[in-house]
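Colleague: What follows is a structure written as structure tokens; I'll ask about it next.
The values are calculated or read from the model by the stated rules, or taken from the named source; none is laboratory data. Here the structure is a predicted model, which means the values were calculated and not measured. As a convention, Cβ positions derive from the backbone with ideal geometry for all residues, glycine included, and neighbour counts pool all protein chains shown.
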Amino acid sequence: MSKQEEAGLILKLYELRREETMRFISATMAWFGCGILLVLISGTFLALRANLATDHRFNSEAMLAVLVCFLVGLLVLLVRLVRHFQRVPSRA
């Protein structure tokens, strides 16, 4: 196979896989955005509760739990990304 034919084959493969790749990345980033939103809403809620309470104490344990859950979710997303793009389609 010549270099030109090989380049044409790579280009065709790129065109075939592009839509699936963009869909996967878009879905993954949507879940990442949900995680970020959860952290922001939780922090805001906890800050409002602290300001409305009589002792004005921020519940740092709850915020730590939210952050740990976010980091675990982030780790899962990263593993999914790596595993998805680690697979190379076989040449047929």
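Colleague: Against the conditions (1) touching a residue at least 60 places away in the same chain (Cβ under 8 Å); (2) at positive phi, where does ARG17 fall short? Just the number, please.
Modeller: Among (1) touching a residue at least 60 places away in the same chain (Cβ under 8 Å); (2) at positive phi, the lone unmet condition for ARG17 is (2).
Colleague: Please go through the stretch 57-92 and pick out each residue that is of a type in the set (Lys, Arg), at pLDDT 90 or above and not in a helix (DSSP H, G or I).
Modeller: ARG57
Colleague: Check off (1) exposed (fewer than 10 other Cβ atoms within 10 Å of the Cβ); (2) assigned to a helix (DSSP H, G or I) for THR54 and give me the number that stays unchecked.
Modeller: With respect to (1) exposed (fewer than 10 other Cβ atoms within 10 Å of the Cβ); (2) assigned to a helix (DSSP H, G or I), THR54 is out only on (2).
Colleague: Take the stretch 1-38 and flag every residue that is hydroxyl-bearing (Ser, Thr, Tyr), over 26 Å from LEU71 (Cα atoms) and in a helix (DSSP H, G or I).
Modeller: Passing the criteria: only TYR14.
Colleague: What's the number of the condition ARG23 fails, among (1) in contact (Cβ under 8 Å) with a residue 12 or more places away in the chain; (2) of a type in the set (D, E, K, R); (3) closer than 16 Å to LEU77 by Cα?
Modeller: (1)
Colleague: Quick check on the stretch 26-38: of everything there that is small (Gly, Ala, Ser) and surrounded by fewer than 12 Cβ atoms within 10 Å (Cβ to Cβ), which residue is farthest from LEU75 (Cα to Cα)?
Modeller: Filtering first and then ranking leaves SER26.
Colleague: OK, next. Quickly run through the stretch 6-48 and pick out the residues that are hydroxyl-bearing (Ser, Thr, Tyr) and over 30 Å from GLU61 (Cα atoms).
Modeller: TYR14, THR21, SER26
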